[in-house]
Amino acid sequence: MTISRLTADQRDAILAELPRWRLRSDGLAIEAELKFADFNEAFGFMTRVALYADKADHHPEWFNVYSTVHMTLTTHDAGGLSQRDADMARFVETLLPG
Ligand code: HBI
């Protein structure tokens, strides 16, 4: 199934809702640096996102060092940002305090 890329306006609207996330310099992904209390919290978060990703068939590119998780969301099949990235970022927000 082909999935379409978000327009610039759609992208900007989503980023306005998601202050924790930044547009990558090439405009093809959104990124966030998430800090947790410790590794246990960070990995628990990653476990919950992993279950979502598996169900959604949409997987983050991420990097974890101890209590920090760096996430990059893009849709390879769309060659940029799609609704799936926005949906995953919104899901991530439900797992974070504040
Ligand atoms: N995850 N981020 C991301 N982007 C994709 O395009 C993607 C994926 N996970 C699985 C997936 N595509 C598969 O549907 C295709 O590679 C077949």
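Checked against (1) crowded, with 16+ Cβ neighbours inside 10 Å; (2) at pLDDT below 95; (3) of a type in the set (A, V, I, L, M, F, W, C), Met1 meets all criteria but (1). In the set Leu18, Leu73, only one residue is under 11 Å from Ala89 (Cβ atoms), free of Cβ contacts under 8 Å to residues at least 60 places away in the same chain and surrounded by 12 or more Cβ atoms within 10 Å (Cβ to Cβ); that residue is Leu73.
The values are calculated or read from the model by the stated rules, or taken from the named source; none is laboratory data. All of these numbers come straight from a predicted model, not from anything done at the bench. Methodologically, a virtual Cβ is constructed for each residue, glycine included, from the backbone with ideal geometry; neighbour enumeration extends over all protein chains shown.
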